[in-house]
Amino acid sequence: SQALYWPLHAFEVSLRNAMADRIADEYGNDWYERIASFSTSRSPKPNDEAAHVEKAKRKLDEDGLAYGHDNIVAAISLGFWQGLLKLEYRDRLWDPLFSKIFQMIDREETYKKVNQVKRLRNNVAHYEPILVFLPRGDKRELFRDYKVVLKMIRWICPDTAHAVEDHCSAGVFAARTS
């Protein structure tokens, strides 16, 4: 698990900063106040992403911090950013903004890969087993997961990907799978 902390952290920060910067450039630094308006969902249920923003605001209140763009972005969970890759955000966020971050894959594949990384991140962050059997009975291949994390970082920010490769011990997984 320890070898995965740095790459997972770099992924999460790179993803949220890239997505938040593009939204802010297009819609202003207070975009999070209007997050539900970016959804094309006609569902009567409350918007999940708006709930993430409210949770982040409560955390900032507890910490005595202002609601500025940077504090909100840092306080919002990875699940929020993954949620912005759902179909309901395609027209207002994916097509005009996020497709430029992930030029190599489509929205649906990006959502799946972010979900894969998020599951691994949650296992690591919550001290859960990372060597688990997946639903099909396959065993998780940590080196393959690490390579997905690295590939996603590279698409977002090549410089960060190089830093992760240069300073990460996750390559240890490659030696153990040989």
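So if R0 is 35 Å, what FRET efficiency would F143 and D61 give, r being the distance between their Cβ atoms, rounded to the nearest 0.05?
0.25
Using only Cα atoms, figure out Rg for the chain and give it as a multiple of 2.2 N^0.38 Å.
Scaled against compact globular proteins, the figure is 1.08.
To the nearest 10 Å², what's F38's accessible area with a 1.4 Å probe?
So the heavy atoms of F38 present about 10 Å² to solvent.
Using the membrane-span-like helix rule (whole DSSP H runs, Cα extent along the own axis of at least 20 Å, mean Kyte-Doolittle hydropathy at least -1.0), which helices of the chain qualify?
The qualifying helices are 2-27, 142-156.
With runs of 4+ DSSP H residues as the only contributors, calculate the mean residue ellipticity of the chain at 222 nm using -39,500 (n - 2.57) per run, divided by the residue total and rounded to the nearest 500.
Rounded to the nearest 500, it is -18500 deg cm²/dmol.
Could you give the accessible area per residue of segment 1-155, probe 1.4 Å, as a whole number in Å²?
55 Å²
Which value, in debye to the nearest 20, describes the size of the charge dipole of the chain about its Cα centre when Lys and Arg Cβ atoms bear +1, Asp and Glu Cβ atoms bear -1, and nothing else is charged?
So the magnitude is around 740 debye.
Between Q103 and V13, what FRET efficiency follows from the Cβ-Cβ distance if R0 is 25 Å, with the result rounded to 0.05?
Computed FRET efficiency for Q103 and V13 comes out at 0.75.
With a 10 Å radius around each residue's Cβ, average the other Cβ atoms per peptide and rank 9-16, 63-70, highest first.
Listed from highest to lowest mean packing, they are 9-16, 63-70.
Per-residue counts of other Cβ atoms within 10 Å, averaged by peptide: what ranking do you get for 46-57, 103-114, 81-92, highest first?
81-92, 46-57, 103-114
By its C-alpha gyration tensor, with a ≥ b ≥ c as the square roots of the eigenvalues, how is segment 65-122 shaped: rounded for a/c under 1.5, else prolate for a/b larger than b/c, else oblate?
Oblate shape, in that a/c is at least 1.5 and b/c is the bigger or equal ratio.
Treat each spin label as a single point 7 Å out from the Cα along the C-beta direction, and report the R42 to N29 distance in nm.
Distance between the two pseudo-spin positions: 3.8 nm.
The values are calculated or read from the model by the stated rules, or taken from the named source; none is laboratory data. Since the structure is predicted, the reported quantities are computational estimates derived from the model, not experimental observations. Using ideal geometry, Cβ is built from the backbone for each residue, glycine included, and neighbour counts are taken over all protein chains shown. Please note that ligands, DNA and RNA were not included when accessible areas were found on the heavy atoms of the full protein model with its side chains. Shrake-Rupley method; radii C 1.70, N 1.55, O 1.52, S 1.80 Å.
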